[in-house]
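These notes are about the structure you will find just below.
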Amino acid sequence: VLRSSFRYRDIKVGEGEYPPKAFDVVVHYSLKIDTGNGIKEFFSSFDAPGRPLDVRVGTGMVIPGLDEGLSTMKKGGIRRLYIPGKLSFPNGVKSKVGKPAVPPRSDIIADVQLIYIPGIDDDLEVAGAGEDE
């Protein structure tokens, strides 16, 4: 359970440090909603292979539930977030071709993969360089 009392499930726990507030992270994520006729995806960065997203953690660049979930992940982590409506889209999301609309403040599910934390991961790799020499 995270600060705002919403649930999550780690599919794979990452390694290293948590991203500090206002740090960029490189992620893939998909967002889903229960439409009453099953769970339907309405956004996915996985749809464009090789095109992960840069997100600045803790700055409101993404919805609050995703922001909070990312803040406690580590590089390589994969997590499913069960985001309540109060931490999702206050104005909803319009439907797109083949994707459902999301009513305002709907509960959503987010599958998130934290790929890389620029700056932190770079420092760790440099610190470990040359140890075998």
Item to complete: Identify all lysines with a Cα-Cα distance to LYS74 below 18 Å; exclude those on the same chain that are fewer than 8 residues away in sequence.
Response: LYS12, LYS21
Item to complete: Report, by chain and number, residues whose modeled amide H sits under 5 Å from the one on TYR116, excluding near sequence neighbours (fewer than 5 apart, same chain).
Response: VAL26, GLY76
Practice prompt. Two decimals is fine: what's Rg over Rh for region 79-119, C-alpha atoms, Kirkwood radius as Rh?
Written response: 1.10
Discussion item. Using only the alpha-carbon atoms, what does the chain span along each of its principal axes? Please give whole angstrom values in decreasing order.
Written reply: 59, 32, 24
Worksheet item: Measuring with a 1.4 Å probe in the full set of protein chains, what accessible area per residue, in whole Å², belongs to region 1-88?
Response: 55
Worksheet item: Residues of region 12-45 with amide nitrogen under 16 Å from the 7 Å Cα-to-Cβ point of ASP107?
Response: 32-40
Worksheet item: If Lys and Arg each add +1 and Asp and Glu each add -1, what is the summed charge of the other residues whose beta carbon sits under 9 Å from the beta carbon of TYR8?
Response: +3
Response to the item:
In the neighbourhood of VAL62 defined by beta carbon distances under 13 Å, the net charge of the other residues (Lys, Arg +1; Asp, Glu -1) is -3
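The values are calculated or read from the model by the stated rules, or taken from the named source; none is laboratory data. Computed from a predicted structure; not experimentally measured. Please note: Cβ atoms are built from the backbone with ideal geometry, for glycine as well, and neighbour counts cover all protein chains shown. Each accessible area value is taken on the protein alone, full model and side chains, heavy atoms only, with ligands, DNA and RNA left out. Shrake-Rupley method; radii C 1.70, N 1.55, O 1.52, S 1.80 Å.
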